[in-house]
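Read the figures in this text as sums done on the coordinates, not as results from a lab. Values in this document were obtained by computation on a predicted structure and should not be read as measured data. Quick reminder, even Gly has a Cβ in these numbers, built from the backbone with ideal geometry, and neighbours come from all protein chains shown.
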Amino acid sequence: MKVVRKLTILIVVAALVSLVAWSVYEGRLSDKAATASDIDDGPLKVVAEPVGVLDIVETVAITGTIEPLVSVEVIPEVSGRLERLSLSNGTTIEVGVSVKAKEVIAVLERDLLDAAVHQAQAALQTAKANLEAGKVTFEDAKREKKRIENLYQAGAVPEQQYDAARTAYERAKAGLLVADANVKQAEAALAHAMVTLNKATIEAPITGVISKKYVDEGDMVGPGKPLLRIVQIETVKVIGGVAERYLRQLEPDRTKVTVKTDAYPEDEFQGTVYRLGVAVDPVTRTGEVEIRVPNPDMRLKPGMFARMTIVLQERQNVVVVPDSALIREQDRVYVFVANSGKAHRREIKLGLLQSEYYEVLEGLSPSELVITRGHRQIEDGQAVEVIQEVEK
């Protein structure tokens, strides 16, 4: 009896489970039918944007550090105490002071150098006097040699006297050569002393601005110790690396560059590609490029970090399409064009990219509506309703 009761309960439970399952299944079928009915009842709602015309620019961004166009370390060629470090008009040499090429900027103590010049002058005078004495001795020996030679040929003097006259002549001749050489040596010594004296007066090698000062007046200086650094920054340069695939598009003196710095975040400085490197780095696959930027107000300082945008190509009044409208399938690109309530799939050919817009080389005309949202769920020829048209 108990077995029969348990069997009855199991049968009832199974029937209830089957009934619930059938109800759920029927409900899902009803939902699917309703959804399909909704889709079939009206066109798919999409967002579209009219095809526009823009000036488009292809760029590449690089970074670098601003450097002076020219930088020179001023190093004295002679040793001594620094007597003066100022311009001829009395302006003290400090960082930021402008100097002109050949302008006197420093003077070393000259006492010892002046003494060396006077000594060299005296030595030259002595050498010249010795030369004159040598000339007299030579002329006397020359005349005596000729007189003894005539007497010897006439048999009036012995050979020994003739040999002595010849020896005296040769000795006087050699002495004259030595005296002449001593004069030349003394002249060279005087010239060297004058050059050394002149090197105690130091001129600016280039026109520029003092960017660093290493010494003060009174310091001992010499060939191994620079006095200061002069830079030219009316035009500055920036060295950066450009990916090798872009190098063929760069033209010295023609390719434009926009430079921005952290110091002047709101300002843009215009420059030009000046020089391309002769090799590509095998590790980074980049080529060196030098960019020059006019800096007449000298706001750009050496050492500043620079962000540069290089203009690779420029095109004006070209047909463009937003990236959001594109559908890519392998090597092909498509868009859907909304026309007369339907979506038409169209293959296009792209050109330059600027921000979110691509240049369209083939496949679209200005003012056509391209679908930018909802186009990934539709098929060619499907009915659509543009619920929002984005103005360009």
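Restricting attention to the chain, close to 95% of DSSP beta bridges with both partner residues there are antiparallel. Specify which residue in the list TYR264, VAL236, VAL311 is farthest towards the positive end of the charge dipole of segment 231-314, using unit charges on the beta carbon of Lys, Arg (+1) and Asp, Glu (-1), about the Cα centre. Result: VAL311, furthest along the dipole toward the positive end.
Averaging Cα coordinates gives a centre for segment 260-285 and one for segment 322-366; these two points are 33 Å apart. Here the chain is assigned +1 on the Cβ of each Lys and Arg and -1 on the Cβ of each Asp and Glu. Its dipole about the Cα centre then comes out at about 1040 debye. Can you tell me which aspartates and glutamates have their Cα less than 14 Å from the Cα of LYS301? Leave out same-chain residues fewer than eight positions away. Partners found: GLU67, GLU234, ASP262. The list [x] 4, 12, 11, 11, 10, 9, 9, 8, 7, 5, 4, 3, 2, 2, 1, 1, 0, 0, 0; [y] 4, 20, 27, 25, 16, 7, 1; [z] 5, 23, 33, 25, 11, 2, 0 gives values of P(r) over Cα pairs in 10 Å bins from 0, in percent, and only one came from this structure; which label was calculated from it? Among [x] 4, 12, 11, 11, 10, 9, 9, 8, 7, 5, 4, 3, 2, 2, 1, 1, 0, 0, 0; [y] 4, 20, 27, 25, 16, 7, 1; [z] 5, 23, 33, 25, 11, 2, 0, the one derived from this structure is [x]. Under a 5 Å amide H cut-off, with hydrogens placed 1.01 Å from N, ILE75 pairs with LEU227 among residues at least 5 apart or on other chains. The aspartates and glutamates within cross-link reach of LYS213, meaning a Cα-to-Cα straight distance under 14 Å and a gap of 8 or more places when in the same chain, are GLU73, GLU94. For segment 303-314, putting each phi into the Karplus relation 6.51 cos²θ - 1.76 cosθ + 1.60 with θ = phi - 60° gives couplings of x, 5, 7, 10, 10, 10, 10, 9, 7, 8, 8, 10 Hz, in residue order, rounded to whole numbers and with x for Gly and Pro.
Within straight-line reach of LYS173, meaning a Cα separation under 16 Å, sit the following aspartates and glutamates at least 8 residues removed in sequence or on another chain: GLU132, GLU139, ASP140, GLU144, ASP163. Each peptide in 244-255, 219-230 gets a packing score, the mean of other Cβ atoms within 10 Å over its residues, and the list from highest to lowest is 219-230, 244-255. Using 0.36 nm per residue and subtracting the Cα-Cα separation, the extra length available between THR92 and GLN330 on full extension is 78.6 nm. Mean sequence separation of contacting Cα pairs (under 8 Å, at least six apart), scaled by the length of the chain, corresponds to a relative contact order of 28 percent. Using the Karplus relation 6.51 cos²θ - 1.76 cosθ + 1.60 with θ = phi - 60°, the per-residue 3J(HN,Hα) values for segment 328-343 come to 9, 10, 6, 9, 10, 10, 10, 9, 10, 9, 8, 8, 6, x, 10, 9 Hz, with x marking Gly and Pro. Computed over the chain, the per-residue total of -39500 (n - 2.57) for DSSP H runs of n ≥ 4 gives a 222 nm mean residue ellipticity of -12000 deg cm²/dmol, rounded to 500.
Based on Cα contacts under 8 Å between residues 6+ apart, segment 112-199 shows a relative contact order of 52 percent.
Comparing mean-square fluctuations of ASP163, ASP380, ASP331 from a GNM of the chain with C-alpha springs under 10 Å, the top value falls on ASP331. Distant-in-sequence amide contacts of VAL360, defined by a placed amide H-H separation under 5 Å and a gap of 5 or more residues or a different chain, comprise VAL319, VAL320, VAL321, GLY351.
Highest mobility in the GNM of the chain, judged by mean-square fluctuation with C-alpha springs under 10 Å and restricted to ALA141, ALA115, ALA127, is found for ALA141.
Counted residue by residue at 0.36 nm each, then reduced by the alpha carbon distance between them, the extension gain from GLU144 to TYR162 reaches 5.5 nm. As a length-normalised measure over Cα pairs under 8 Å and 6 or more apart, the relative contact order of segment 231-314 settles at 42 percent. So, counting K/R as plus one and D/E as minus one, what does the shell of residues with Cβ under 10 Å around ASP219 add up to? Value of the local net charge: 0.
Assuming a ≥ b ≥ c are the square roots of the Cα gyration tensor eigenvalues, decide whether segment 112-199 counts as rounded (a/c under 1.5), prolate (otherwise, with a/b larger than b/c) or oblate. Here segment 112-199 falls in the prolate category.
Between the amide H of VAL51 and those of SER367, GLU368, LEU369, VAL370, distances stay under 5 Å, these residues lying 5 or more places away or on another chain, with hydrogens modeled in the peptide plane. I need the shape label for segment 231-314. Rule: rounded when a/c is under 1.5, else prolate if a/b > b/c, else oblate, with a, b, c from the alpha carbon gyration tensor. Taking the square roots of the gyration eigenvalues as a ≥ b ≥ c, segment 231-314 is prolate.
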